[in-house]
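To start, the structure under review is shown below, and the notes come after it.
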Amino acid sequence: MKKNIINLFSLSLTIIFTLSACSDDFLEEKKNSDNVSEDIYNYYTGCNARVNDIYSWCLPDVNGAPSWKYNSTGNNDDQAKSTEEYSGFGAFVNPESPLAVLSGTSVPDYFQGTANNIQASAWGRIRNINDVIRGIEGGSLSQENKNKLLGQVYFFRAWCYYNLVKWYGGVPIITEVQDPTESSYVPRSSAKACVDFMISDLTKAADMLSAETTNGGWKSGDDWGRVTSGTALALKGRVLLMWASPLFNRANDETRWQNAYTEMKKDLTTINACGYNLYSTSSNVNGSDFAGMFTKYSQNPEAVFVSQYNTVSAGNGQKNNSWERNIRPKNTTGSGKNASAMLIDMFPMADGKRPASCDTYTKLQASDSTYNAGYPFMSRDPRFYRTFAFPGVRWAYKGDPTPASVNNPSYDGGINYVLWNYVWYTDKNDQGNPESGNSYGADNLLANKSGVYVRKRSDDLDVNNSPLYGGFDATNSNGGFAYSAAPYIELRYAEVLLNFAEVACGAGHMDEAVEQIKKVRARAGYTSDNNYGLQQDLTSDQATCMSAVLYERQIEFAYEGKRFDDLRRWMLFDGGATAVTGAPSSWTLTGWGGNTCTWLGFKALNGQRRENFEFRVADSYGIGGTTFDSDPLVKAGVTRCTPVDYRKADLKSQLETLKSWYETHLVRNLKKGDGRDSNHNDEYISFLPRYYFLGLSQGALNNNLKIQQTIGWEDSNNGGSAGTFDPFAE
């Protein structure tokens, strides 16, 4: 890999992370020191500082958009907006702006980064890791201490490669600290070689960390949050699953599924020995355990791979999680995220089955319960209520929002906050226009409202009575939730189970796959009374079982940054049926009947569109004005119904009360989600087949003049001719 000559430097800054009584202690005295003398590797504190530096550069971050450095984490970024979760065309599905290398909309660069800054480059990060490996291996620490440190570093090298390989198939494998010269060029390796390399690093990491972490986790509680043997093996499972999936396994080679199944079943013992399990308590009410796992700051058994944050408000130690302020409504000093109607309407019913009106996952049984889209909250999966928020539900917090606006409702300092985000229009002719913005939200939301809010991963006071967002200051420019220390869990134990379920199904062990789904659903609130909401034939029909696994993944991991990867792995935009120009026959999908969507009973996303919706006041109440006190329902003296309180067990009767109130006062109103053309005609999702393996950006090619471009993409180093790199070629 050609490298530009740059200056490395050490910031030598001590960063203190604090959160009340808890802290990410292993980073408490992190020094950003990536230009050091070799003598530092003869001291444990020096080596540990270098390892902590690796953490600081490699951990996922909810505040970072997807890039060479960060993966998607649930925000409405280009990847999430290319799924069912959010409307508004993401870069990968925009029919008006196809991605390209030399013209039009530039293909995202997840390969290179800023070439002239080693600290802002994918390969600079890997170089730093290799430097730490070389230094520790050559230092004078005991082998025990070397293993303790090197195991963590090998994990992160594999993590960096995973985030490259899932996009590009094959990339250069670099294991040494290279001189920044032209002779240091390394060609792209095959996808198989990259997978083998990642598996080797992760196996090595798990072995090295075994003595320290397989007796319930790290021996010192101060080390909680560091990667363990279990973390390494869980990522290994994700890599094996990726390799067995249709994206990389076009002929459905069954030996890949069987190998993944065998390895992951064996590895579960070690993962469990590291203290990982489904998060649960003795008081799970209406999915409260599902909600509570996201605000368990430390010693959380669900958190297999986790990024931690703090409540520090300024300075070098500041590391706050922005998720809470991004999802909370504006009248609480947040901003709010709008969930798409597509995902809301496809969530399971309370009996665990898909709504009969849902025209995808058609191999799965439809619910016997009637789904009325006008009241989408009736009789739904327990996770529905912890994923979305709609008019008439409690969403408590601690804080006074009135300093931000005197018209914001206090609701007793947030502790009795109820979301009332219904809207009215100022012109009755706009009420049926999906494109009209001439509407205003109740309770001072006004123009800053969402139809249905994303509630997933919220620090809900009714679930966590010691919120992690520190001192609430409504006058802060980032809102009262600005200094949240809520952790972000990149790899949950539920994913470990569902990854295993998927490979078990692929290997023909559908009974074991179903058992994993049952475990996940039991935590959500399902019981054996109705077989955890699962149909009986899952153990005998592989395609139906796989469809059930993917549906469960979509629901369990909604708004956690996982869906786009699943859609790509299973080629669910077009079923893998569309050929890439110039691709060899090895790229043709011959397994799964030549079309994964048909095999699964899944409706391909290409050709569909995501819409939004809102609840507006019924026609009988007329229109309103542009101010908070012009709410037609308030002006008519309407009394709001008792809000839905998830702490109470009688959820069904509460929802019936809410429905009755809606019937008289609110109607569901369609709002434009995905784009329309200049003539206001609907446009539709368009994911091109060459996007399954991305091409290198022009910037990456310019800085790597010898590197091959991916098949299907223009090569700016060769006059724009077609790329020649085949990730499947051995």
Residues within region 635-672 that are without any contact (Cβ under 8 Å) to a residue 40 or more places away in the chain, more than 30 Å from S283 (Cβ to Cβ) and crowded, with 18+ Cβ neighbours inside 10 Å, tallied: 0
Y532 passes all but one of (1) surrounded by 24 or more Cβ atoms within 10 Å (Cβ to Cβ); (2) aromatic (F, W, Y); (3) assigned to a helix (DSSP H, G or I); which number fails? (1)
Quick one: count up the residues across region 671-709 that are hydrophobic (A, V, I, L, M, F, W, C), at pLDDT below 95 and in contact with a helix residue (DSSP H, G or I) (Cβ under 6 Å, 6 or more places away or on another chain). 2
Residue by residue through region 58-98, note down the ones that are modelled with pLDDT of 95 or more and of a type in the set (A, V, I, L, M, F, W, C). C58, L59, V62, A80, F89, A91, F92, V93
Selection status of D201, under 23 Å from G124 (Cα atoms), without any contact (Cβ under 8 Å) to a residue 24 or more places away in the chain and not in a loop (DSSP other than H, G, I, E, B): no
Qualifying positions in region 297-347 - surrounded by fewer than 22 Cβ atoms within 10 Å (Cβ to Cβ), over 29 Å from G217 (Cα atoms) and hydroxyl-bearing (S, T, Y): S313, S335
Sort out which residues of region 568-585 are surrounded by 14 or more Cβ atoms within 10 Å (Cβ to Cβ) and out of contact with any helix residue (DSSP H, G or I) (no Cβ under 8 Å at 6 or more places or on another chain), and write them in order of number. G582, A583
Residue pairs qualifying under the 7 Å Cβ cut-off, at least six apart or on distinct chains, with the first in region 273-292 being closer than 30 Å to A211 by Cα and the second being at pLDDT 95 or above and among the basic types (K, R), are L278/K519; L278/R523; Y279/K296; S280/R523
Failed criterion for G575 (all others in (1) in a helix (DSSP H, G or I); (2) within 30 Å of T724 (Cβ to Cβ); (3) under 23 Å from the mean Cα position of the chain (by Cα) hold): (1)
Among the residues of region 48-89, what is the count of those that are touching a residue at least 60 places away in the same chain (Cβ under 8 Å), outside any loop (DSSP other than H, G, I, E, B) and under 22 Å from F305 (Cβ atoms)? 9
Y646 being outside any loop (DSSP other than H, G, I, E, B) and of a type in the set (F, W, Y): no
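Restricting region 237-262 to residues that are out of contact with any Leu (no Cβ under 6 Å at 6 or more places or on another chain) and of a type in the set (D, E, K, R), which is nearest to G506 (Cα to Cα)? Even if it seems obvious, please write down each step before you answer.
So the first thing to find is which residues in region 237-262 are out of contact with any Leu (no Cβ under 6 Å at 6 or more places or on another chain), and the list is 237-249, 251-259, 261-262.
Narrowing the set further to residues that are of a type in the set (D, E, K, R) leaves 238, 253-254, 256.
Values: R238: 14, D253: 10, E254: 7, R256: 9 Å.
Applying the filter and picking the extreme gives E254.
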For the subset of region 107-153 comprising residues that are at pLDDT below 95 and more than 19 Å from V171 (Cβ to Cβ), which member is surrounded by the most Cβ atoms within 10 Å (Cβ to Cβ)? Q119
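Within region 660-687, which residues are over 30 Å from L633 (Cβ atoms) and part of a loop (DSSP other than H, G, I, E, B)?
Taking region 660-687 and keeping what is over 30 Å from L633 (Cβ atoms), we get 674-687.
The answer is D674, G675, D677, S678, N679, H680, N681, E683, Y684, I685, S686, F687.
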Name the one entry in G470, G480, G506, G451 that is on the phi > 0 side of the Ramachandran plot, touching a residue at least 24 places away in the same chain (Cβ under 8 Å) and under 28 Å from the mean Cα position of the chain (by Cα). G470
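The values are calculated or read from the model by the stated rules, or taken from the named source; none is laboratory data. This is a predicted model, so every value here is computed, not measured. Virtual Cβ from ideal backbone geometry, glycine too; neighbours counted across all protein chains shown.
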